[in-house]
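The values are calculated or read from the model by the stated rules, or taken from the named source; none is laboratory data. Remember, predicted model here, so these are calculated numbers, not experimental data. We place every Cβ from the backbone using ideal geometry, glycine too, and count neighbours over all the protein chains shown. With ligands, DNA and RNA removed, areas are computed over all heavy atoms of the protein, side chains included. Shrake-Rupley method; radii C 1.70, N 1.55, O 1.52, S 1.80 Å.
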Amino acid sequence: MVEISMTVNGKPVTAQVEPRTLLVTFLREHLGLTGTHVGCDTSQCGACNVHVNGMLAKSCTMLAVEADGAEIVTIEGMAAPDGTLGVIQQAFQDHHGLQCGFCTPGMVMSAAALLRENPDPSEEEIRAFLEGNLCRCTGYHNIVKAVRAAAEAMG
Amino acid sequence: MTVAVHKPHPHDSAPLHVSGKARYTDDIPAPAGTLHLAFGLSPAARGRIRRLDLAPVRAAEGVVAVLGADDLPRPVDLSPAHAGDEPLLATGTVHYLGQPLFLVVATSHLAARRAARLAGIDIAGEKPVLTIDDAIAAGTDLEPPLEWRKGDAEAAIAAAPHRVRGRIEVGGQEHFYLEGHAALALPLEDGGMEIHASTQHPTEIQHKVAEALGLPMSWVRVSVRRMGGGFGGKESQGSALAVACAIAAWKTGRPCRMRYDRDDDMIITGKRHEIRIDYEAGFDADGRLLGVRFAHFLRCGWSTDLSLPVADRAMLHADNAYHLPHVTIRSRRLRTNTQSNTAFRGFGGPQGMMGIERVIQHVAATLGKDPLEVRRVNLYRPMAAVAAGEAAQTTPYGQPVEDSIIDALVDRLAREARYAERRAAIARWNAGSPVIKRGIALTPVKFGISFTLTHLNQAGALVHLYQDGSIRINHGGTEMGQGLNMKVAQVAAEAFSVPVEAVRITTTDTARVPNTSATAASSGSDLNGMAVKAACETIRARLTRFLAERHQCPEEVVRFSEGRVHVGTNVLTLAEAARAAHEARISLSSTGFYATPKIHWDRTRGQGRPFFYFAYGAAVSEVAIDPLTGETRILRVDVLHDVGRSLNPAIDIGQIEGGFVQGAGWLTMEELAWDERGRLLTHAPSTYKIPVASDRPRIFNVALWDGENREPTIYRSKAVGEPPFMLAISVHQAIAEAVAAAAGVPFVALDAPATPERIALAVRNARAGENAP
Amino acid sequence: MYAFEFVKPKTVEEAVAALREGEAKVLAGGQTLIPTLKQRLAAPEKLVSLAGVEGLRGIRTGDGVVEIGAGTTHAVIARELAGAVPALAALAGDIGDPAVRNRGTIGGSLANNDPSADWPAAVLGLGATVVTDRREIAADDFFQGLFTTALEEDEIITAVRFPMPKTAAYAKFDQPASRFALVGVFVARLDGNVRVAVTGASENGVFRWQAAEAALGADFAPAAVEALAPPPAEEMISDLHGAGDYRAHLVKVMTKRAVAACG
């Protein structure tokens, strides 16, 4: 077991973990942050996407020990402390960018990363950026629409 | 004016989904001491278990118990068809590579999985039956071939001026619901069992768990809050996990949970049925089909599961939207040593339609006609003509088609999508393009709505009106992302004329609404919406009677509208009405029930009215291919789809878009592969490709047909879950057109999925004159 | 995953020392190694993370050379080389997906030498030099077949030095599910010669297609490739994603595309 410390959604966290513990396992099982999902085990689906020091990362393809000292943001950290949804979250809701919702947290985290580096992406750029996020329900049409709408709303 | 239905409310769980608060089965916090399960899987596809040494598994770190088939309290058959061929754990022989052999119960998910690999397994292997050809050779039919006949197809074909014959092979499809299978069992103090499961069929899980534990069904309670996608894959195949959890919980007295990791999910569970269709058709100079014969061969996998009704539905959609005066459909359901294929959106219907759409394309190429012309001369007689007194044409199974709007729908779509102009433009473009070729196709869909097992067409609901005017509803349907709960809440809100926010929908629960059917066959809103409406109307009638009495007025003057209860000139809130009724000791709770009328079906004879009504739609797809590499791009898709009077247009359009893309995935990129030992090679999304955002059509126009169901369904809407899936057949047909253009031939027999490699090969073969039949 | 020890040295020397004790493996970005560990295809006793080692990240250009620190992520390369060497930036920007590119590194990719990885094509195609803690290895000597390189067990790549090409391009045909290369061809025009490196296709990993190099050396145009026979199909990988002859055919098509993209 090794001791790790990190900030998760603004709160400091310290824990003992086995080195082989994945970051996603740590978030879900140790911290109870079950909004981060596991949809595959091979780094394709993006349901486990989180931000590590402001960068999009697949938490199923990262060890918790690698996140030692890092700032992590998960889907649970995307709304305001009073629960008010962020612009991207609201856009996914308003534009029906979800059905079963299982991919949604990862999509929102990807969309946030995209809009941070490219505040006004074209549809083409949105589609390209979402290559690593699988959705089996929506056909992506409304997801792309939601990201575009969020970009516009953030102006 | 409606207050709640026919409006585009977002999914009721959307705020939870976007904030990560929505709980799926594996997110439910479990009590301390919860154990975790994993199956040990067969390393061979077929053979006899000579030795199963579980001692190393038992000795592994964290392992609490290990159960083989002999350790179960009683033999467990998971077969949804009660076929007796689906033991929870293999008994003596194994039937596919990945079949659960034993069950590990451990202190963590990873400990269980690690231990499951440690067994000493010795199987006396036999040569597995893997492919359709293997199965035909071995004669492994699940039941004798089924044949339905209308008229005399053989004679009609023989007498026809033109004939085609050929074969199409269409691969299976992995569901790839983003949330894998999961279950949680909580043993109760009195020996009962509470189950949470990611399932489309809680009642079946309840039934199987009760059977496995030797309990009455009333002692088992199954709840489903939501699934992360189902698509049919969770209709029957979740039983293994739930039953395993229940048995382990019963044995250990501790809560038990289980989830399949993605590779286990893909290796263990069944998929869409692969099909081979041999066809022969006779037709006249206009392309009118005079006689058609189909032979279906379905790869069913190792157990019966739902294969018989799936294969039936393939036969039931062998006509798609076309009147076939003389037709014979023969179907063989073949057992193979692979995963047990199961329900998947369309339930065989898409496979059946691929046959007739291929026939149309083949006929058109033979006559040198636009396939749309051939489609038009064969479409079923319109509803308007039938209403005006012309005889309804019948399906191959004898059901009169009385509600067809497909001709008008196709006309409108062809016009709005400028099909004819674009087809001409594409021909010109192809003539001048040295490499890249385009293709366009318009295909229709007519999909039958109802379970073909007639007794499944029923639903129950439970509605409570509280004294503050708030409403809580339960129904037998399950939410898997399709927006069922929102639609049903809209129905309840409409009944009391209150905003949809006043209605709270809760977990699907066998203790609240019993004896439910699977949420499947696109029937969720049709059945459960009606059941909820019935319950609401019962309560409303009680309120009406009570208010009329209290205000000394006839019942007719009591109205629920615009969020208020009007009693003549008195206006009450629903809360005031409810409180007053409660104080007068009027029950504000009711069950509701619905059974679909008019339907009856004899599957052996292939005769009856299996479907209450048909849902229609059509799509125009335009694609470009690079024949050098086989790469495809969907340039534009136009869809016009019939959902009757939509309960919720936003949800319905979402179903259409999602269904279309999933269908396009099936026909263009999703390819399952097994090696010669029967090992599934595509058991992860790194090897099995599903559509991503960039695969979506460049232009994607979806419109709803403006009409209403002629049958008295819930607010005259139509079912929407499955039918749009088959709109994607237009993509496959467009690709085949482009391949033919690239090869400079009129027709190419393109199989599915039309992967780049298959397209490149088809072009090469067609150029070399090696066209199929 | 099997259990392992995790160490995070601060210098290359410490990392090399850590690698010498027991069955150890270097952990760079982890985008290949962690999935490999999860599938239990590897069972190291120790992971030596390079995340804390100073000086492994960053890009330096000058004197006709681009030197990329081994710990530089694909995302950084895609962003920072877009102007200087667009072919490398484009290659980096098309690896995996954004999340993978944020963590995966050039050094990790090269040390792993997956037969379908993109970086080996660029390194071999440009005749780059692989710089390690103890020596410099020419690309032609570095790649030694499937998942095999000239690296010693305890050797760590610290940087990769690319010569600035006159023009270069990478054309990739994705294995659609994994987004690795089913076939990827890197074509470069350097002083006096043309190099063509192919990844994804061969049973022996990345290779130089010498027939194409000769043809393009004489006439740098897609038509020069058109006249060539594709590489022998029997030497190509044949799997569920593509038969050997399809891959061989794609090598030719992608080479032409890369040449055309060189402009």
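Select from the stretch B:1-30 the residues that are out of contact with any helix residue (DSSP H, G or I) (no Cβ under 9 Å at 6 or more places or on another chain) and more than 14 Å from every other protein chain (Cβ to nearest Cβ) and list them in ascending order.
Listed by number, the list holds a single entry, B:MET1.
Can you pull out the residues in the stretch B:538-558 that are under 45 Å from the mean Cα position of the chain (by Cα) and open to solvent by 70 Å² or more (accessible area, probe 1.4 Å)?
Passing the criteria: B:ARG540, B:ARG545, B:GLU555, B:GLU556.
Tell me the residue from B:THR544, B:THR538 that is assigned to a helix (DSSP H, G or I), free of Cβ contacts under 8 Å to residues at least 40 places away in the same chain and hydroxyl-bearing (Ser, Thr, Tyr), please.
Testing whether each residue is assigned to a helix (DSSP H, G or I), free of Cβ contacts under 8 Å to residues at least 40 places away in the same chain and hydroxyl-bearing (Ser, Thr, Tyr) leaves just B:THR544.
Residues in the stretch B:502-537 that are of a type outside the set (A, V, I, L, M), over 27 Å from the mean Cα position of the chain (by Cα) and either at pLDDT below 95 or crowded, with 22+ Cβ neighbours inside 10 Å (or both): how many?
Qualifying residue count for the region: 1.
If we scan the stretch B:445-460, do we find a residue that is touching a Cys at 6+ places or on another chain (Cβ under 7 Å) and surrounded by 24 or more Cβ atoms within 10 Å (Cβ to Cβ)?
No.
In the stretch C:71-88, is there at least one residue being within 12 Å of chain A (Cβ to nearest Cβ) and assigned to a loop (DSSP other than H, G, I, E, B)?
no
What number goes with the only condition from (1) buried (at least 24 other Cβ atoms within 10 Å of the Cβ); (2) at pLDDT below 95 that B:GLN99 does not pass?
Unmet for B:GLN99, out of (1) buried (at least 24 other Cβ atoms within 10 Å of the Cβ); (2) at pLDDT below 95: (2).
Check every one of the helices (runs of 4 or more DSSP H) wholly within the stretch B:327-436 and list those with 2 or more residues that are touching a strand residue (DSSP E or B) at 6+ places or on another chain (Cβ under 6 Å) and closer than 23 Å to B:VAL639 by Cβ.
Answer list for the stretch B:327-436: B:349-367, B:371-378, B:406-416, B:419-432.
Name the residues in the stretch C:2-19 that are within 14 Å of chain A (Cβ to nearest Cβ), in contact with a Ser or Thr (Cβ under 9 Å, 6 or more places away or on another chain) and of a type outside the set (D, E, K, R), would you?
Those that are within 14 Å of chain A (Cβ to nearest Cβ), in contact with a Ser or Thr (Cβ under 9 Å, 6 or more places away or on another chain) and of a type outside the set (D, E, K, R): C:PHE6, C:VAL7, C:PRO9.
Output the residue which, of all residues in the stretch C:162-214 that are under 13 Å from C:THR255 (Cβ atoms) and basic (Lys, Arg), is surrounded by the fewest Cβ atoms within 10 Å (Cβ to Cβ).
It comes out as C:ARG208.
Of all residues in the stretch C:204-263 being part of a helix (DSSP H, G or I) and of a type in the set (Ser, Thr, Tyr), which is farthest from the other protein chains (Cβ to nearest Cβ)?
In this case the residue turns out to be C:THR255.
Spot the failing condition for B:GLY230; the list is (1) surrounded by fewer than 24 Cβ atoms within 10 Å (Cβ to Cβ); (2) within 14 Å of another protein chain (Cβ to nearest Cβ), and only one is missed.
Of everything listed in (1) surrounded by fewer than 24 Cβ atoms within 10 Å (Cβ to Cβ); (2) within 14 Å of another protein chain (Cβ to nearest Cβ), B:GLY230 misses just condition (1).
For the condition in contact (Cβ under 8 Å) with a residue 40 or more places away in the chain and under 15 Å from the mean Cα position of the chain (by Cα), what is the one hit in C:LEU250, C:LEU190, C:LEU151?
Being in contact (Cβ under 8 Å) with a residue 40 or more places away in the chain and under 15 Å from the mean Cα position of the chain (by Cα) holds for just one of C:LEU250, C:LEU190, C:LEU151, which is C:LEU151.
Residues are listed down the side, and each one gets a yes or a no for (1) open to solvent by 10 Å² or more (accessible area, probe 1.4 Å); (2) within 14 Å of chain C (Cβ to nearest Cβ); (3) in contact with a Ser or Thr (Cβ under 9 Å, 6 or more places away or on another chain):
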{"residue": "A:GLU66", "(1), (2), (3)": "yes, yes, yes"}
{"residue": "A:GLY69", "(1), (2), (3)": "yes, yes, yes"}
{"residue": "A:PRO81", "(1), (2), (3)": "yes, no, no"}
{"residue": "A:GLN89", "(1), (2), (3)": "no, no, yes"}
{"residue": "A:ASP94", "(1), (2), (3)": "yes, no, no"}
{"residue": "A:GLY101", "(1), (2), (3)": "no, no, yes"}
{"residue": "A:LEU114", "(1), (2), (3)": "no, yes, no"}
{"residue": "A:GLU125", "(1), (2), (3)": "yes, yes, no"}
{"residue": "A:HIS141", "(1), (2), (3)": "yes, no, no"}
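Would you be able to say whether some residue in the stretch B:457-464 is under 23 Å from the mean Cα position of the chain (by Cα), farther than 29 Å from B:GLN351 by Cα and more than 14 Å from chain A (Cβ to nearest Cβ)?
yes
Considering each of C:ALA87, C:ALA92 in turn, give the residue that is closer than 23 Å to C:PHE143 by Cα, touching a His at 6+ places or on another chain (Cβ under 8 Å) and either in contact (Cβ under 8 Å) with a residue 60 or more places away in the chain or open to solvent by less than 20 Å² (accessible area, probe 1.4 Å) (or both).
Exactly one residue qualifies, and that residue is C:ALA92.
Of the numbered conditions (1) within 13 Å of another protein chain (Cβ to nearest Cβ); (2) open to solvent by less than 40 Å² (accessible area, probe 1.4 Å); (3) touching a Pro at 6+ places or on another chain (Cβ under 9 Å); (4) not in a loop (DSSP other than H, G, I, E, B), B:PHE700 fails exactly one; give the number of that condition.
(3)
Filter the stretch A:143-155 down to residues that are out of contact with any Leu (no Cβ under 7 Å at 6 or more places or on another chain) and open to solvent by 10 Å² or more (accessible area, probe 1.4 Å) and give me whichever is nearest to the other protein chains (Cβ to nearest Cβ).
A:LYS145
Which one of B:ALA417, B:ALA392, B:ALA385 is buried (at least 21 other Cβ atoms within 10 Å of the Cβ) and hydrophobic (A, V, I, L, M, F, W, C)?
Answer to the selection: B:ALA417.
Quick check: is even one residue across the stretch C:20-33 in contact with a Lys or Arg (Cβ under 9 Å, 6 or more places away or on another chain), more than 18 Å from A:ALA67 (Cα to Cα), facing another protein chain (nearest Cβ under 9 Å) and not acidic (Asp, Glu)?
no
Which of the residues that make up the stretch B:117-149 are surrounded by 18 or more Cβ atoms within 10 Å (Cβ to Cβ) and within 28 Å of the chain's Cα centre (by Cα)?
Once the filter is applied, which keeps residues that are surrounded by 18 or more Cβ atoms within 10 Å (Cβ to Cβ) and within 28 Å of the chain's Cα centre (by Cα), the stretch B:117-149 yields B:VAL129, B:LEU130, B:ILE132, B:ALA135, B:LEU142, B:LEU146, B:TRP148.
Quick one: which residue in B:ASP286, B:ASP319 is assigned to a loop (DSSP other than H, G, I, E, B), touching a Pro at 6+ places or on another chain (Cβ under 6 Å) and in contact (Cβ under 8 Å) with a residue 12 or more places away in the chain?
B:ASP319
Quick one: count up the residues across the stretch B:456-478 that are closer than 26 Å to B:HIS175 by Cβ and not in a strand (DSSP E or B).
Result for the stretch B:456-478: 5.
For the stretch B:479-501, name all the residues that are part of a helix (DSSP H, G or I) and either away from every other protein chain (no Cβ under 14 Å) or over 22 Å from the mean Cα position of the chain (by Cα) (or both).
Listed by number, the residues that qualify are B:VAL488, B:ALA489, B:GLN490, B:VAL491, B:ALA492, B:ALA493, B:GLU494, B:ALA495, B:PHE496, B:VAL500, B:GLU501.
Pick out, from the stretch A:2-56, the strands (runs of 3 or more DSSP E) lying fully within it that include 3 or more residues that are among the polar types (S, T, N, Q) and at the interface with chain B (Cβ under 10 Å from one of its Cβ atoms).
none
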